[in-house]
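Colleague: The structure follows.
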Amino acid sequence: MSLHQELDKLRGKALTDLKQIKDQDSLMALRIKYLGRKGELASIMALLKQVAKEERPQLGKLVNQVKRELEIAFLRVSKTIGDRKSQGIDFTLPGIKPPIGHLHPLMRVQRELEDLFRSMGFMVLDGPELESEYYNFESLNIPIWHPARDMQDTFYIKGGKPDNRWLLRTHTSAMQVRALEKYGAPLRAVVPGRVFRYEATDASHDHTFWQLEGLVVDKDISIANLIGTMKVFLSGIFQREVEVRLRPGYFPFVEPGFELDMKCLVCNGLGCRSCKQSGWIELIGCGLVHPRVLEFGGLNPKEYSGFAFGLGLSRLVMMRYKIDDIRLLLSGDLRFLEQF
Ligand code: DAH
């Protein structure tokens, strides 16, 4: 058989074989068989050397023609059977969900509260976490000798003045006088934020937690305004009636002062570790703004009055989602966080 004939035979065989091909793997095998470095076409090319010199150019041209034709044929088949991946796809399988984050339950509740209070005409303010003794204590009628400073022991920071040191704020109340200084009266503001205490931690106490402060100052503000506002916001946030009780409470910056407790939703009032077995959760401290605080804020207490409240935002989140250990909130544990 002449080289010419052999070439023709190879061409025919390759094209017939190609017709049987149904997937990329066998296509690749076939390509190696015919067009590979040690394939059939290559061995014919090797024989070219033995051919008479005059015939060589013409035969060489023919070999190249066949090679190009086969390459195009292989390419065409490759395109029609598609790529390796698309062959095995089952389009009915559920997709792979890319892991994306979501709001922390604290932030979700905080934003809901902000919306709620905005709808009642409140400003939403932000305040510094690194605060001075003056705003955190002094201006709230808690002088240096006051025992309330011990109850809110905190982390003092180097620097500041000996009589006005820097500290991590123990409550969002520290924004009361700052807000009065900046905006004056009438004022309606809430201040959500992170606060800190030097504290032995347990299921209901952490060294870092969230509060939401509220301050309303205007003419003729009374306890009725305070209680009305608390009711609206609690039913707004829980979307149902919740049982609350009001008892006298002492805070140096309000007079009279109250503690508003909510029936524990984790145990439904039966007693559990998040309510210290009492069935009630201390949720809000509140009262009528103390005249001295109004004075510190540059207002005349004979002209203006107001109410203030401090809501335990972390506690509220615990009630809302029935979380029985406050420390979970900042644990960073994904097994916890992924439940929300
Ligand atoms: N700042 C208080 C605390 O952290 C809570 C509080 C009580 C805030 C009474 C108030 C208030 O505005 O009127 O314990």
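The values are calculated or read from the model by the stated rules, or taken from the named source; none is laboratory data. Predicted, not measured: the structure shown is a model, and the values here were computed from it. Here the Cβ positions follow ideal geometry from the backbone for every residue, glycine too, while neighbour counts run over all protein chains shown.
Colleague: Under the condition of being assigned to a loop (DSSP other than H, G, I, E, B) and touching a Ser or Thr at 6+ places or on another chain (Cβ under 8 Å), which residue from region 268-296 is nearest to the ligand (Cβ to nearest atom)?
Modeller: Here the residue is Lys276.
Colleague: Could you please let me know if Gln211 is part of a helix (DSSP H, G or I), within 13 Å of the ligand (Cβ to nearest atom), on the phi < 0 side of the Ramachandran plot and at pLDDT 95 or above?
Modeller: So Gln211 fails the test.
Colleague: Being surrounded by fewer than 21 Cβ atoms within 10 Å (Cβ to Cβ) and touching a helix residue (DSSP H, G or I) at 6+ places or on another chain (Cβ under 7 Å) narrows it down to one of Pro301, Pro291, so name that one.
Modeller: Going through Pro301, Pro291 in turn, just one is surrounded by fewer than 21 Cβ atoms within 10 Å (Cβ to Cβ) and touching a helix residue (DSSP H, G or I) at 6+ places or on another chain (Cβ under 7 Å): Pro301.
Colleague: Among the residues of region 75-87, is any surrounded by 14 or more Cβ atoms within 10 Å (Cβ to Cβ) and either modelled with pLDDT of 90 or more or hydroxyl-bearing (Ser, Thr, Tyr) (or both)?
Modeller: Yes, region 75-87 contains at least one residue that is surrounded by 14 or more Cβ atoms within 10 Å (Cβ to Cβ) and either modelled with pLDDT of 90 or more or hydroxyl-bearing (Ser, Thr, Tyr) (or both).
Colleague: Could you look through region 135-155, keep only residues that are in a loop (DSSP other than H, G, I, E, B) and crowded, with 17+ Cβ neighbours inside 10 Å, and pick out the one that is nearest to the ligand (Cβ to nearest atom)?
Modeller: Filtering region 135-155 for residues that are in a loop (DSSP other than H, G, I, E, B) and crowded, with 17+ Cβ neighbours inside 10 Å, the one nearest to the ligand (Cβ to nearest atom) comes out as Gln152.
Colleague: On to the next question. Return yes when Ser314 is of a type in the set (S, T, N, Q), in the same structural domain as Phe137 (by TED's automatic domain parsing), surrounded by 15 or more Cβ atoms within 10 Å (Cβ to Cβ) and away from the ligand (no atom under 16 Å from the Cβ) and no when it is not.
Modeller: In short, no.
Colleague: State all residues of region 51-76 that are touching a residue at least 40 places away in the same chain (Cβ under 8 Å) and over 25 Å from Ile32 (Cα atoms); if no residue qualifies, say none.
Modeller: Val51
Colleague: When the residues of region 258-273 are filtered to those that are touching a Cys at 6+ places or on another chain (Cβ under 7 Å) and within 22 Å of Phe309 (Cα to Cα), which remaining residue is surrounded by the fewest Cβ atoms within 10 Å (Cβ to Cβ)?
Modeller: That would be Leu260.
Colleague: Looking at region 1-16 only, could you name the residues that are surrounded by fewer than 14 Cβ atoms within 10 Å (Cβ to Cβ) and either of a type in the set (Asp, Glu) or farther than 20 Å from Gln65 by Cβ (or both)?
Modeller: Hits for region 1-16: nothing passes.
Colleague: I need the full set of residues from region 245-266 which are within 15 Å of the ligand (Cβ to nearest atom) and free of Cβ contacts under 8 Å to residues at least 24 places away in the same chain, in order please.
Modeller: Leu246, Arg247, Pro248, Tyr250, Asp261
Colleague: So which residues in region 189-233 are in contact with a strand residue (DSSP E or B) (Cβ under 7 Å, 6 or more places away or on another chain) and without any contact (Cβ under 8 Å) to a residue 24 or more places away in the chain, if there are any at all?
Modeller: His207, the sole residue that qualifies.
Colleague: Consider Lys33 carefully, then state whether it is charged (D, E, K, R), modelled with pLDDT of 90 or more and not assigned by TED's automatic domain parsing to the domain that holds Ile237.
Modeller: Yes; evaluated as a whole, the condition is true for this residue.
Colleague: Also, quick follow-up: Might you let me know whether region 186-193 holds any residue that is modelled with pLDDT of 95 or more, assigned to a strand (DSSP E or B), over 20 Å from Phe296 (Cα atoms) and assigned by TED's automatic domain parsing to the domain that holds Arg315?
Modeller: Taking every residue of region 186-193 in turn, at least one turns out to be modelled with pLDDT of 95 or more, assigned to a strand (DSSP E or B), over 20 Å from Phe296 (Cα atoms) and assigned by TED's automatic domain parsing to the domain that holds Arg315.
Colleague: Ok, one more. Search region 5-20 for residues that are within 17 Å of Leu59 (Cα to Cα) and pair each with any residue that is among the β-branched types (Val, Ile, Thr) and at pLDDT 90 or above when their beta-carbon atoms are under 6 Å apart and the residues are at least 6 apart or on different chains.
Modeller: Leu7/Val66; Arg11/Val66
Colleague: In the list Phe137, Phe117, which residue meets the criterion of being in the same structural domain as Lys158 (by TED's automatic domain parsing), more than 24 Å from the chain's Cα centre (by Cα) and of a type outside the set (D, E, K, R)?
Modeller: Phe137
Colleague: In this structure, does Phe307 turn out to be closer than 24 Å to Met262 by Cβ and either free of Cβ contacts under 8 Å to residues at least 24 places away in the same chain or assigned to a loop (DSSP other than H, G, I, E, B) (or both)?
Modeller: For Phe307, the condition - closer than 24 Å to Met262 by Cβ and either free of Cβ contacts under 8 Å to residues at least 24 places away in the same chain or assigned to a loop (DSSP other than H, G, I, E, B) (or both) - is not met.
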